[in-house]
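Inspection log for the structure reproduced underneath, given as structure tokens.
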Amino acid sequence: MTEQIHMSPTRAFKFHKNPLRALQDYNGVIKWWEGDNTPLLFGNIVHNLAEGRDMLDGFSEEERTSLISSRGKTKGDLKSAYADAVVIGDALRKYVEKIDPDNKARFEVPIEETDQVEYQTEDLSEGVTQELEKGAVDYLLTGRADMVTENAVYDFKTVAPTDFNGFLKFGSFRDKREEEYKMQVAMYAAVFGIQEAHILYIKKNADTPFIYDYTLTLDDLHKGLEQVSQFINRGVLTVAGIEKATAINDGSKWAYEHFGGVINDSQTIEI
């Protein structure tokens, strides 16, 4: 590797889930995102409004065109798929103003810190451990915190109504993605040297845009930082070619093509 490796918590999660797919995404071969971008654009509108910006701030001309109705009585208005984002974003903005009445919070705070991963490769053949190579890989830790106040770090998450209600009832999502959220904000808190971190979950329902302010415990912060650091390290070493990029049959379109549409007992291969 001649170019500096960039690794964020979000990218590290991809390497944890499917190293080869993540590596191809990192190198620009095949994008990770496979679905419709409506949820992403919806969330961006909510974030913009919650953070006090114009709702279409940062959107490309192509994205703006896809968001705005171009015909009929609704010409010039947001398309119906995005209309609720305005109500939800405004609701989250009101909560943010309660947290930050003096308007001192920073939003979309970038993270760029140099770090390195130490590694040691070993030969375990014939039951004898032999060190083959030892060294370190430099990389740039990146990311972007949604909101940082003097005392706390905040991350905003829009959640579908059914998932939101299930989260309130069971304390977790069906896919356990709240663990990734906790790891991410724990990393941000560590970078900024702040001991308090929150995840603001907001229900994607214009009639009842409930907000669940989840405060990370010390255990969340410690475990989250330890786990995401491991994921980041593995991601860096995979990009550097020191760890093998394993392909996981994760049920995606990528996996369908890679594994020929077959799922069997051998769900991983190495290259």
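The values are calculated or read from the model by the stated rules, or taken from the named source; none is laboratory data. Since the model is a prediction, treat every value here as computed from it, not as a measurement. We place every Cβ from the backbone using ideal geometry, glycine too, and count neighbours over all the protein chains shown.
Restricting attention to the stretch 164-204, which residues are assigned to a strand (DSSP E or B) and out of contact with any Ser or Thr (no Cβ under 6 Å at 6 or more places or on another chain)?
So the first thing to find is which residues in the stretch 164-204 are assigned to a strand (DSSP E or B), and the list is 197-203.
Scanning the stretch 164-204 gives ALA197, ILE199, LEU200, TYR201, LYS203.
Scanning for something closer than 20 Å to PHE156 by Cβ, modelled with pLDDT of 95 or more and not aliphatic (A, V, I, L, M), does the stretch 74-82 turn up at least one residue? Can you show your working first?
Just the residues of the stretch 74-82 that are closer than 20 Å to PHE156 by Cβ, to begin with: 78, 81-82.
Still in the list and also modelled with pLDDT of 95 or more: none.
Looking through the stretch 74-82, none of the residues is closer than 20 Å to PHE156 by Cβ, modelled with pLDDT of 95 or more and not aliphatic (A, V, I, L, M).
Go through the stretch 100-114 and report how many residues are aliphatic (A, V, I, L, M) and part of a loop (DSSP other than H, G, I, E, B). It would help to see each step written out before you state the result.
As a first pass, look at the stretch 100-114 and keep what is aliphatic (A, V, I, L, M): 105, 109, 111.
Retained after the next criterion (residues that are part of a loop (DSSP other than H, G, I, E, B)): 105.
Summing the residues that are aliphatic (A, V, I, L, M) and part of a loop (DSSP other than H, G, I, E, B) in the stretch 100-114 gives 1.
Here is a yes/no grid of residues against (1) in the same structural domain as GLY89 (by TED's automatic domain parsing); (2) without any contact (Cβ under 8 Å) to a residue 60 or more places away in the chain:
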residue	(1), (2)
PHE13	no, no
LEU23	no, no
LYS31	no, yes
PHE42	yes, no
GLY52	yes, yes
MET55	yes, yes
PHE59	yes, yes
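Could you tell me whether any residue of the stretch 65-72 is outside the structural domain of LEU141 (by TED's automatic domain parsing), modelled with pLDDT under 95, among the basic types (Lys, Arg) and part of a helix (DSSP H, G or I)? Before the answer, list the steps.
First, pick out the residues of the stretch 65-72 that are outside the structural domain of LEU141 (by TED's automatic domain parsing): 65-72.
In the following step, the residues that additionally are modelled with pLDDT under 95 were identified as 65-72.
Filter once more, so that each one left must be among the basic types (Lys, Arg): 71.
Checking which are part of a helix (DSSP H, G or I) leaves us with none.
Among the residues of the stretch 65-72, not one is outside the structural domain of LEU141 (by TED's automatic domain parsing), modelled with pLDDT under 95, among the basic types (Lys, Arg) and part of a helix (DSSP H, G or I), which makes the answer no.
Out of the stretch 176-205, which residues are surrounded by fewer than 14 Cβ atoms within 10 Å (Cβ to Cβ) and either touching a residue at least 60 places away in the same chain (Cβ under 8 Å) or closer than 25 Å to ASP163 by Cα (or both)?
Once the filter is applied, which keeps residues that are surrounded by fewer than 14 Cβ atoms within 10 Å (Cβ to Cβ) and either touching a residue at least 60 places away in the same chain (Cβ under 8 Å) or closer than 25 Å to ASP163 by Cα (or both), the stretch 176-205 yields only LYS176.
Looking at the stretch 115-133, which of the residues that are over 18 Å from THR238 (Cβ atoms) and in a strand (DSSP E or B) is modelled with the highest pLDDT? Outline the logic, then answer.
To start, the set of residues in the stretch 115-133 that are over 18 Å from THR238 (Cβ atoms) comprises 123-131.
Subset that is in a strand (DSSP E or B): 123, 130-131.
Numbers: ASP123: 67, GLN130: 59, GLU131: 61.
By that ranking, first place goes to ASP123.
For the stretch 52-84, which positions are crowded, with 18+ Cβ neighbours inside 10 Å, under 17 Å from LYS203 (Cα atoms) and not aromatic (Phe, Trp, Tyr)?
Once the filter is applied, which keeps residues that are crowded, with 18+ Cβ neighbours inside 10 Å, under 17 Å from LYS203 (Cα atoms) and not aromatic (Phe, Trp, Tyr), the stretch 52-84 yields only ASP84.
Under the condition of being in a loop (DSSP other than H, G, I, E, B) and without any contact (Cβ under 8 Å) to a residue 40 or more places away in the chain, which residue from the stretch 209-258 is nearest to the chain's Cα centre (by Cα)?
Just the residues of the stretch 209-258 that are in a loop (DSSP other than H, G, I, E, B), to begin with: 209-210, 216-217, 240-246, 249-252.
Right, trim to without any contact (Cβ under 8 Å) to a residue 40 or more places away in the chain and you get 216-217, 249, 251.
On the way: LEU216: 17, THR217: 20, ASN249: 21, GLY251: 20 Å.
Ranking the candidates gives LEU216 first.
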